[in-house]
Protein chains: 2
Amino acid sequence: MRRYLPIFAWLPGYSGAALRRDLLASAVVTVMLIPQSLAYALLAGLPAEVGLYASITPLIAYAVFGSSRTLSVGPVAVASLMSAAALGQVAAQGTADYLAAAAVLALLSGGFLALLGVLRLGFLANFLSHPVISGFITASGILIAFSQLKHLLGISASGESLPALIQGMVQNLADWNPITLLLGIAVVLFLVWARSGAVTLLQRVSLSKETASLLVKAAPVVGVLATIVLASGLDLEGKGVQLVGAIPSGLPQLQWPHFSWALVEQLALPAVMISVIGYVESVSVGKTLGARRRQKIDMNQELIGLGSANLASGISGGFPVTGGFSRSVVNFDAGAETQLASVFTAIGIALAAMFLTPFLYFLPKATLAATIIVAVLSLVDFSILKKTWRYSPSDFFAVLVTIVVTLLFGVEIGVSCGVLASIVLFLYRTSKPHIAEVGLVEGTEHFRNVERHQVMTMPQILSIRVDESLMFANAAFLEERIYRDVAATPELRHVILMCSAINEIDWSALETLESINEQLQEAGICLHLSEVKGPVMDALQRCGFLEEISGKIFFTQYQAFTELRENFSGCAES
Amino acid sequence: MRRYLPIFAWLPGYSGAALRRDLLASAVVTVMLIPQSLAYALLAGLPAEVGLYASITPLIAYAVFGSSRTLSVGPVAVASLMSAAALGQVAAQGTADYLAAAAVLALLSGGFLALLGVLRLGFLANFLSHPVISGFITASGILIAFSQLKHLLGISASGESLPALIQGMVQNLADWNPITLLLGIAVVLFLVWARSGAVTLLQRVSLSKETASLLVKAAPVVGVLATIVLASGLDLEGKGVQLVGAIPSGLPQLQWPHFSWALVEQLALPAVMISVIGYVESVSVGKTLGARRRQKIDMNQELIGLGSANLASGISGGFPVTGGFSRSVVNFDAGAETQLASVFTAIGIALAAMFLTPFLYFLPKATLAATIIVAVLSLVDFSILKKTWRYSPSDFFAVLVTIVVTLLFGVEIGVSCGVLASIVLFLYRTSKPHIAEVGLVEGTEHFRNVERHQVMTMPQILSIRVDESLMFANAAFLEERIYRDVAATPELRHVILMCSAINEIDWSALETLESINEQLQEAGICLHLSEVKGPVMDALQRCGFLEEISGKIFFTQYQAFTELRENFSGCAES
């Protein structure tokens, strides 16, 4: 029970002190989440209230099933952008179909994550390499910022790639609204100032640094309130400023959305991508926070937690959610002890949905766009390009492909190409393994690369170390290398394959070894193996190769070398 | 010059003795190739003469550009089956479009192979693992045999998968022709007998075993002649036996086929598959024969050789060709010394195309079908299932997937799924590497797995050896394993990561190592590395990890263990 429902691990021992801390944290997070949830709904092309709906039941579901105590689940920027891209392919923004598709997308994501969790397939997410994720998030941040510029300018434009977004904006640039732009820029500047200057200012009025840091998280709410007051007082709607407008009050209805099988087929792949990216982002936040308090994150339980959150979002008219980075850090820093803080946050958002929506009528869309732009700029980090450039060309190339393709062709193609690039590059490296001729470091029993160390070798004995498991992609490469070396050294009588780095020999490589053994034997050269690992030895034994091989199997390379240099006779020609 | 045109390596030193041997071999191969070329054209859904056209210019092109001296290029069974599958998707059999598409398919295959060769990308073929090729060829053999049964029954049926073929035959079973069936079965029995009993018989009439073996290769021609005589003498056409019918006499016209870009798009992927499969089959024959006479096969030159052969086939109205196994072996055994034997064979086929076609009018299709069935049954070899089952589950699984999918869904999906399965299985294994706790083999400096050997360990020191390079797919796996071991051993002060099998650490794994280092340091545990390979050390140096790490880098695991057991203090908490 405690294994599958982590809530039972912490709820029974819950204390009054923890309650006070959770309540405080939830108040801070609620104030932060209200503008965020509205803004990310806007980013996903959905009505503002959907953002609120996606911030109630999912938080409660995660509280029950999730394994992180402080992760704050809800709408996040990258998943919202990916949702917009997926939904744009099946319905037009503003239609009921679009709304229904959003809920279906959440259900599919939730179902997929929960399935992976139940099947304990969390390791699949490991195939998203860190450079690909970094590159993808940076590119997404840029796409999100550009997609919000239209709201700042008061024009309409759409597109899923940078060229399309820019082209769309240029076409409609003539419709720009100066008041909207002024308002938007003012909010951006205020929010940027709040991130830097405001903490210092608040500390001067004798607040502690911690309190000041928490207070500035409310800056977006201040922006929201101020622009609501401006918009209603100065009738900005009449002056062409786009407002959020009427949104229904009350809680979302819980219902299973109607949908066709065709819709499921269209949304299945995007749902998988949104889930996996969201899961990887969320787990990395959860792990970081968990490590600070020595709390363990269970990868498979996280899949179930996030899966249930998305299922909950789907049946309450929401859209895909996941654990958000900035919100979780605020929750943690504000002192949240358990997921009860999230439950209280959900209650806060529910109250907002019931009572605050009339006030949101006057909220300018430019305010929300400004909130998003400032938030996502912190995602953009090109330093990964510089770091990987120095470290390894293939990691650099994977980042570059991900960033460029995401910007030029959109999120889905971008992340697919990134994953593909990292796998192809890995296979390519595996297919050309590092193969070293090794020699004895004199006075020791160690063997090292002849090109890097001062070592002893003999022309009659060739010691080769392959720094990779032998498998279909690289077996031919080894074969060519050995034949080349053999051809270059007429005195050669013994080839020792030092297997210390060979963790596996697959069937293709085994067939290649058999052929190498035969060829060498015909040339009067013995093939020996040394330092063969247990599992590899077992496999070679099973298939009878140990009887076929012309030479011997030595426990260590040193034994092989010392024994063979006593006897250069080689193998009899077969 | 000699590098890019291998013909210049052997032609200048050509002798009269070699000429005699090449002439003899070409005579044997020509007699074998005439019925084969007709039959494989039939298998590809093409008129019989196209088989002859594909056996003239390609042989000459390969003689100039190919690196094997004895490979016999021309139509082969598997490539013909794959061509039928590809062409069936773009045109109907018997139309001029189908004929033109066949030539375009050959051109595309040729262009692709030649391009790979010029770019020196021959290693890409290594991604076809041996089990996948074995499984694919076995399944193709079964598909080919079933596809020819219709000619034996004298009915029409088509389909690219086993279920479709069987269904097609069952539907038209009522149309079966008893004379056709009788004729077909007679030829099958004769050919099977020729393979086994005929050699013994010929030896009794005082022929040497070698001559007898070569003579029986002419059995298909005997079948062809006998059934032509029967069909014309007994007017089998009037009795409903399908004959090859009128075929134009003369040499193929050399012309660049007309084609649309749309056709190229449709045929591009099949062309790639046909080329790669053909190339892999051909190279394995070439290597086997080359090794017997110590002649080297250059992988990239082979691409150019087979590429030019297919280009030649394309401009002379042919279809995809490659090096055939049985024909090459016959060529070799008959004493062929150089590719001049193939040039003479091409001349022989050209003479046949000019003067023999009138006689082929009466050739029953059932005879050709029987020839194909007997030839491909030697391709079917299920023993690979048994061998891989014993050797390794993932190789077995890859074979099984390839065979089952090819039979059920056809050649293109089959080979794609096979390649995909072998890559996914490899990635899966890489993502869960073998990680061993190691201890000192007392009295030596060697460290071995604690579970397999009697070794010394200390509770304060954990020595872990990862038997795989560290990369994105397995970094998280290592992290979890270390944390689990750390949690289980409260006395622990030092973790030594023995890197003897780590050939590379990619960026994802580096970030994971940094996080492991931090986490261990917070718990007062030092992280050390031992036996780090040169290239890995260089990379760690470049990115500054060697300064971050809490412990030391030891040259050998023995040095690490002996030094650390003197000092259990561990690392200061950071």
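FYI, it's all coordinate maths here, none of it is from the lab. The structure presented is a predicted model; accordingly, all values stated were derived computationally and were not measured. All Cβ positions, even for glycine, are placed from backbone atoms using ideal geometry, and neighbour counts span all protein chains on display.
Brief remarks on what is shown
- Copy-to-copy label separations for A:Trp10, where each label sits 7 Å from Cα toward Cβ, in nm and ascending: 7.6
- In the assembly of identical copies, A:Gln541 has its label point, taken 7 Å from Cα in the direction of the beta carbon, separated from the corresponding points by 4.1 nm (ascending, one decimal).
- Taking Cα atoms only, the orientation of helix B:411-431 departs from the longest principal axis of chain B by about 10 degrees.
- At most 11 other Cβ within 10 Å, DSSP loop - chymotrypsin sites (Phe, Trp or Tyr not before Pro), the range B:16-92: none
- Pairs exceeding a 29 Å alpha-carbon distance, out of A:Lys150/A:Lys217; A:Lys150/A:Lys287; B:Lys287/B:Lys386; A:Lys209/A:Lys287; B:Lys217/B:Lys287; A:Lys287/A:Lys365: A:Lys150/A:Lys287; A:Lys287/A:Lys365.
- Exam field: B:Gln93 pseudo-label spacings to other copies (7 Å along Cα-Cβ), nanometres: 5.5
- Principal-axis analysis of the Cα atoms of chain A puts helix A:299-315 at an angle of about 30° to the longest axis.
- Student exercise, the range A:435-564 dipole from Lys, Arg, Asp, Glu Cβ charges, in Debye to nearest 20: 300
- Prolate/oblate/rounded label for the protein assembly as shown (Cα gyration tensor, a/c 1.5): oblate
- Amide H partners (placed H, <5 Å) of B:Leu243, local residues excluded: B:Lys365
- Size of charge dipole - chain A - debye, nearest 20, with Cβ of Lys, Arg +1 and Asp, Glu -1, no other charges: 2680
- The range B:435-564: relative contact order in percent, alpha carbon pairs under 8 Å with at least 6 residues between: 23
- Degrees between helix A:96-118 axis and first principal axis of chain A (Cα, 0 to 90, nearest 10): 40
- Whole-Hz couplings from phi, Karplus 6.51/-1.76/1.60, listed for the range A:544-557; x for Gly and Pro: x, 5, 5, 7, 6, 4, 6, x, 10, 10, 9, 4, 10, 5
- Alpha-carbon centroid distance for the pair the range B:167-207 / the range B:302-381, whole angstrom: 21
- Computed over chain A, relative contact order equals 23 percent, with contacts defined as Cα pairs under 8 Å that lie 6+ residues apart.
- Distance in nm between pseudo-label sites at A:Val424 and B:Leu385 (7 Å out along the Cβ direction from Cα): 3.5
- Comparing Cα centroids, the range B:394-470 and the range A:31-55 end up 46 angstrom apart.
- Classification of the range B:196-318 by its C-alpha gyration tensor yields an oblate form. The axis ratio a/c (a ≥ b ≥ c) is 1.5 or more, and b/c is at least a/b.
- If R0 is 41 Å, the Cβ-Cβ spacing of B:Leu234 and A:Ser515 corresponds to a FRET efficiency of close to 0.20.
- Beta-bridge orientation, the protein assembly as shown: approximately 45 percent antiparallel, per DSSP, counting only bridges with both partners inside.
- Beta bridges by DSSP in chain B, antiparallel share as percent, to the nearest 5: 45
- Global form of the range A:85-146, assessed from the alpha-carbon gyration tensor, a/c cut-off 1.5: oblate
- Take chain B and mark each of the GluC sites (Glu not before Pro) that is in a DSSP loop with at most 12 other Cβ atoms within 10 Å; the longest unmarked stretch, sites excluded, is B:1-441.
- Kirkwood analysis of the range A:435-564, using all unique Cα-Cα pairs, places the hydrodynamic radius at 14.7 Å.
- For B:Gly88, net neighbour charge (Lys/Arg +1, Asp/Glu -1) across residues whose Cβ lies under 14 Å away: -3
- Here the range B:435-564 carries DSSP beta bridges of which approximately 40% are antiparallel, counting only pairs with both residues inside.
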